[in-house]
Ligand code: NDP
């Protein structure tokens, strides 16, 4: 912010710069109109700022095919004789009037870049564009300002009618020092537009609070009183997808050798992620890794890697070794998927002795609960390096009850309870924990269940299992939206909500019993030896 104020406040440079600007209108100025730009970038300056901060020097290192159009507000530079517009609706209408013919040229997409107050003006312009049913920007690039309604250092009004000295002093204390505020000789140029812009800000009592379907990138800065990092988070609810997984992210997936883990690995490989896959079956891991490497070659980040480590998540040494490989290959972890899991297929009464009980229930707790704890503990330092995200693949029954899965369901209850607690412990450290709860998915988990389970062929084809591809699409969505808990399908969410309510909870139980009964029973004698 200071850098921008400093440049704009040098009067000689202001004149020099103004000569070279071309106009699309009073508001829209550019250093050079392009014949066939690939994109137009509209840049909205901070309070008191001018178009020239965006059109000179700043844009030169960036690609030629981008056409920069800066917003020149009245009361400064070439518009110094005009009065500032202090009504946000009037201002946005006037700006969008000039933009409309360019926006209607659908061959050229456009994005908005705004800094500080400029973000809010850009945001309001986008709403005016939506009101006129025009094509919305491709992307928002915002910095130095929280979302509409977020409190910040502008919140307590500055007396804009005070003397130049008082006004400059209070602005320095509130927004930080800059040459424009410290050098008295610059005040005739720098203070009137700043007063006008602050008046606009204070007069606006209603900003648009509705999210727009436009991807959003927001920057904050450590230690900056205005662009605090925490302000970035206030934008989270203002865009449908709060964050996009970057191409070369570092992703660790447990249980990457089959089913959901395999599909997750392939999905991230297509995006160019650096992958680390963990599971016990080496040949299966190698098969998946080979496919992932081919996908990575075609991805936006073809130099990314896919590494496998044969790991048993129930064995401490094995998990520690996997974390060491992760440290050497990835150095830090952006996304850790706790996906490895085992299931069962027996009623409690099927288990005749305590030994039989132990043989079935113990692996549930070892893999589904302790396995998650071991991996979380061993990978925590790598996850914390980049404020990464931990995604637990639980189950829809992680908050309900399911016949013939009691040990499995109990282990998922346990791990969900653990994650809900850890989320609170890690909140201040910026780690996101997402719990995804899929319903019935078409994978080999049933045939792999500890006691043999039911053969896939024995299952009722009418049972409507979710495809693994659909399931993973939802998992990626839940990850990108940084959800706390996400049920797939949504009816699972409703079931979870009403489960504790008398009568409604009974209906949920009877639906689940019906679903389980549609699996064709096979005699216990055909199941694996315990
Ligand atoms: P799969 O059986 O295909 O996958 C399970 C994965 O876990 C395998 O890659 C397996 O690899 C790995 N795994 C099992 N035990 C261990 C261990 N001790 N150490 C390391 N890895 C292990 O089933 P899914 O893909 O369906 O299951 C993935 C997750 O999804 C599980 O957590 C499951 O609870 C959950 N889920 C599944 C649903 C479904 O209907 N399929 C529904 C809801 C949730 P390997 O054998 O090579 O070690």
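Quick check on my filter: what residues within region 412-432 are within 20 Å of residue 279 (Cβ to Cβ) and in contact with a strand residue (DSSP E or B) (Cβ under 8 Å, 6 or more places away or on another chain)?
If we filter region 412-432 for residues that are within 20 Å of residue 279 (Cβ to Cβ), which is where we start, we get 412, 415.
The one that is within 20 Å of residue 279 (Cβ to Cβ) and in contact with a strand residue (DSSP E or B) (Cβ under 8 Å, 6 or more places away or on another chain): 415.
Please state which one of 399, 409 is within 16 Å of the ligand (Cβ to nearest atom), free of Cβ contacts under 8 Å to residues at least 24 places away in the same chain and either out of contact with any strand residue (DSSP E or B) (no Cβ under 9 Å at 6 or more places or on another chain) or under 19 Å from residue 499 (Cβ atoms) (or both).
Values: 399 fails: free of Cβ contacts under 8 Å to residues at least 24 places away in the same chain.
None of the others qualify; the one that does is 409.
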Those residues of region 281-296 which are within 14 Å of the ligand (Cβ to nearest atom), out of contact with any strand residue (DSSP E or B) (no Cβ under 6 Å at 6 or more places or on another chain) and over 14 Å from residue 259 (Cβ atoms), in sequence order
283, 286
Take residue 139 and tell me if it is under 30 Å from residue 176 (Cα atoms) and surrounded by fewer than 21 Cβ atoms within 10 Å (Cβ to Cβ).
yes
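Against the condition under 30 Å from residue 138 (Cα atoms), in contact (Cβ under 8 Å) with a residue 12 or more places away in the chain and more than 17 Å from the chain's Cα centre (by Cα), how does residue 304 come out, does it pass? Can you show your working first?
Values: under 30 Å from residue 138 (Cα atoms): yes; in contact (Cβ under 8 Å) with a residue 12 or more places away in the chain: yes; more than 17 Å from the chain's Cα centre (by Cα): yes.
Yes.
Look through region 47-83, keep the residues that are more than 37 Å from the chain's Cα centre (by Cα) and on the phi < 0 side of the Ramachandran plot, and return whichever of them is modelled with the lowest pLDDT.
Kept after step one, since they are more than 37 Å from the chain's Cα centre (by Cα), are these residues of region 47-83: 75-83.
If we keep only those that are on the phi < 0 side of the Ramachandran plot too, we end up with 76, 78-83.
Details: 76: 91, 78: 88, 79: 93, 80: 91, 81: 92, 82: 94, 83: 94.
Within region 47-83, the match that is modelled with the lowest pLDDT is 78.
Looking at 114, 220, can you tell me which residue is in contact with a helix residue (DSSP H, G or I) (Cβ under 6 Å, 6 or more places away or on another chain) and modelled with pLDDT of 90 or more?
Numbers: 220 fails: modelled with pLDDT of 90 or more.
Matching residue, one of 114, 220: 114.
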How many residues does region 271-280 hold that are more than 7 Å from the ligand (Cβ to nearest atom) and not in a strand (DSSP E or B)?
3
Might you check whether a residue that is more than 13 Å from the ligand (Cβ to nearest atom), assigned to a helix (DSSP H, G or I) and either farther than 24 Å from residue 437 by Cβ or at pLDDT below 75 (or both) occurs anywhere in region 256-270?
yes
Quick check on this structure: which one of 308, 320 is farther than 24 Å from residue 415 by Cα and either touching a helix residue (DSSP H, G or I) at 6+ places or on another chain (Cβ under 9 Å) or modelled with pLDDT of 95 or more (or both)?
308
Look through region 242-255, keep the residues that are in a loop (DSSP other than H, G, I, E, B) and more than 10 Å from the ligand (Cβ to nearest atom), and return whichever of them is farthest from residue 331 (Cα to Cα).
242
Of residues in region 374-396 being within 11 Å of the ligand (Cβ to nearest atom) and in a helix (DSSP H, G or I), the one farthest from residue 316 (Cα to Cα)
396
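Among the listed residues 322, 326, identify the single one that is over 25 Å from the mean Cα position of the chain (by Cα) and within 16 Å of the ligand (Cβ to nearest atom). It would help to see each step written out before you state the result.
On the way: 326 fails: over 25 Å from the mean Cα position of the chain (by Cα).
The match here is 322.
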Scope region 223-247; condition touching a strand residue (DSSP E or B) at 6+ places or on another chain (Cβ under 6 Å) and either at pLDDT 80 or above or more than 19 Å from residue 148 (Cβ to Cβ) (or both); matching residues
235
Number of the condition not met by residue 344 [criteria: (1) closer than 25 Å to residue 250 by Cβ; (2) in a loop (DSSP other than H, G, I, E, B)]
(1)
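May I ask you to say which residue of 350, 312, 334 is more than 16 Å from the ligand (Cβ to nearest atom), surrounded by fewer than 24 Cβ atoms within 10 Å (Cβ to Cβ) and over 23 Å from residue 479 (Cβ atoms)? If you could, list the steps in order and put the result at the bottom.
Values: 312 fails: more than 16 Å from the ligand (Cβ to nearest atom); 334 fails: over 23 Å from residue 479 (Cβ atoms).
Going through 350, 312, 334 in turn, just one is more than 16 Å from the ligand (Cβ to nearest atom), surrounded by fewer than 24 Cβ atoms within 10 Å (Cβ to Cβ) and over 23 Å from residue 479 (Cβ atoms): 350.
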Only listed residue being part of a loop (DSSP other than H, G, I, E, B), surrounded by 15 or more Cβ atoms within 10 Å (Cβ to Cβ) and either at pLDDT 85 or above or away from the ligand (no atom under 16 Å from the Cβ) (or both), chosen from 198, 212:
212
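The values are calculated or read from the model by the stated rules, or taken from the named source; none is laboratory data. In this text the structure is predicted, and so the values were computed from the model without any measurement. Ideal geometry is used to build each Cβ from the backbone, glycine not excepted, and the neighbour counts take in all protein chains shown.
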